[in-house]
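Report on one structure; see the data block that follows.
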Amino acid sequence: MNVIKLKALAKVINEDVVKEAFIGKIITLGYVEPLLPQEVFKYYPLNEYDYRLDSGIIEYVVANMEELMNNLEPGVNINKVSTEQFNECMQLTSSDYELITVCKRNEEWIVYHMNKRALMKYFILNISLEGGELNIKVKSNTKPSHNAKLKVAYILGCDVPVDFIIDVYSSVYVEYFSEYKFKLPEPIDVVNALINNIGKYRNFLKLYTTDYYIYELTMTGYIIELENEGQRVRVNVNGETVLTGNQIKGGNLYEITNIMLDKLSELKIGLDMIELYSCSLDELLRRAISSLRESVRL
């Protein structure tokens with residue numbers, strides 16, 4: 001396989017770029033692996049690339065165009081083409097794809113259009129990064145202090161949309177990336193991300209607690225009040241409503257319908273998450289990756 005040497009002239013590396021590159025690597029490999037800084041522009045963007053649309057983020061330059069023209073891969077053709085902006089352009093094509101179009105600007109071959117996913121079927125991409133600032137807000141490493149923790153059991157459902165788990169998982173990874181932690185999210189990281197956006201994701205995550213767990217808070221000095229209206233339950237801590245739920249079969253188990261994280265934080269109460277029964281995160285990822293690869297014909 002011939003090598004295409006690309007210089008990625010980056011302006012900004014932001015959350016969206018990292019997230020899309022991480023997803024691009026997952027789709028390309030067919031499994032989950034950390035994204036390293038030097039790989040960002042290998043996988044971003046994965047499919048179609050057009051510098052006219054994306055020039056606010058990145059511009060590609062082919063450093064070995066003459067070498068490629070003189071040593072074509074089998075099944076790859078080269079054509080002279082023209083564009084509105086440039087007169088001297090070259091296009092590499094296969095029987096199925098337009099692989100890359102590059103145009104001469106001064107002495108450099110600038111990428112005008114590239115189908116990166118198709119290109120990687122015929123060439124090894126050697127991408128060096130020049131410029132670009134990592135413009136991602138780094139979260140403070142300071143852990144919040146809690147006087148107590150409320151135990152909450154969770155069930156992560158199996159019947160979730162394909163793009164849902166990849167979207168949440170990759171969003172968590174971007175937080176890792178911003179802190180230079182090149183490790184993969186754990187299931188509890190994904191659950192915590194869902195809880196922090198429970199209004200958006202409540203259909204995929206079930207939360208439960210019990211009388212016993214709630215009244216455990218009294219051991220650290222909190223005043224607890226449970227208000228029952230039929231099967232509906234409202235839990236007040238120090239006069240503040242922190243969660244509402246439904247009583248299950250008249251017992252002391254409650255399905256949480258709304259949890260006020262801001263109020264819990266003000267009261268210095270954290271959450272101690274307990275897996276009750278959940279669909280395996282690995283299984284969810286396998287399904288999602290398989291569907292995504294099928295959708296892009298990999």
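With a requirement of 3 or more residues that are closer than 24 Å to Ser171 by Cβ and of a type in the set (A, V, I, L, M, F, W, C), the helices (runs of 4 or more DSSP H) lying completely within the stretch 182-243 that satisfy it span 187-195.
Select from the stretch 122-137 the residues that are part of a loop (DSSP other than H, G, I, E, B) and of a type in the set (Gly, Ala, Ser) and write down the one among them that is modelled with the highest pLDDT. By that ranking, first place goes to Gly131. Which of (1) modelled with pLDDT of 85 or more; (2) surrounded by fewer than 14 Cβ atoms within 10 Å (Cβ to Cβ); (3) touching a strand residue (DSSP E or B) at 6+ places or on another chain (Cβ under 6 Å) does Ile100 not meet, given it meets every other one? It is condition (2) that Ile100 fails.
For the stretch 138-145, the criterion of a residue being modelled with pLDDT of 80 or more and of a type in the set (Lys, Arg) is satisfied by no position. For Tyr277, the conditions (1) modelled with pLDDT of 90 or more; (2) surrounded by fewer than 16 Cβ atoms within 10 Å (Cβ to Cβ) are fulfilled apart from (1).
Residues that are open to solvent by 70 Å² or more (accessible area, probe 1.4 Å), of a type in the set (S, T, N, Q) and touching a residue at least 60 places away in the same chain (Cβ under 8 Å) are absent from the stretch 236-245.
Please note which strands (runs of 3 or more DSSP E) are completely contained in the stretch 1-83 and include at least 3 residues that are modelled with pLDDT of 85 or more and more than 15 Å from the chain's Cα centre (by Cα).
In the stretch 1-83, 2-10, 58-62, 77-81 are the strands (runs of 3 or more DSSP E) which contain 3 or more residues that are modelled with pLDDT of 85 or more and more than 15 Å from the chain's Cα centre (by Cα).
Could you please let me know if Leu292 is in contact with a helix residue (DSSP H, G or I) (Cβ under 9 Å, 6 or more places away or on another chain), farther than 19 Å from Phe204 by Cα, open to solvent by 60 Å² or more (accessible area, probe 1.4 Å) and in the same structural domain as Glu216 (by the TED database)? Walk me through it before giving the result.
Working: in contact with a helix residue (DSSP H, G or I) (Cβ under 9 Å, 6 or more places away or on another chain): yes; farther than 19 Å from Phe204 by Cα: yes; open to solvent by 60 Å² or more (accessible area, probe 1.4 Å): no; in the same structural domain as Glu216 (by the TED database): yes.
Criteria not met by Leu292.
The residues of the stretch 217-270 that are among the basic types (Lys, Arg) and over 14 Å from His146 (Cβ atoms), listed by number, are Arg232, Arg234, Lys249.
Would you pick out the residues in the stretch 100-121 that are of a type outside the set (Lys, Arg), farther than 18 Å from Ile27 by Cβ and either within 34 Å of the chain's Cα centre (by Cα) or not in a loop (DSSP other than H, G, I, E, B) (or both)? Quick ask: steps written out before the conclusion?
Step one: list which residues in the stretch 100-121 are of a type outside the set (Lys, Arg), which gives 100-103, 106-115, 118-120.
Subsequent filtering for residues that are farther than 18 Å from Ile27 by Cβ retains 100-103, 106-113.
Matches in the stretch 100-121: Ile100, Thr101, Val102, Cys103, Glu108, Trp109, Ile110, Val111, Tyr112, His113.
The values are calculated or read from the model by the stated rules, or taken from the named source; none is laboratory data. All of these numbers come straight from a predicted model, not from anything done at the bench. All Cβ positions, glycine included, derive from the backbone under ideal geometry; neighbour counts span all protein chains shown. Areas reflect the complete protein model, heavy atoms only, side chains present, ligands, DNA and RNA absent. Shrake-Rupley method; radii C 1.70, N 1.55, O 1.52, S 1.80 Å.
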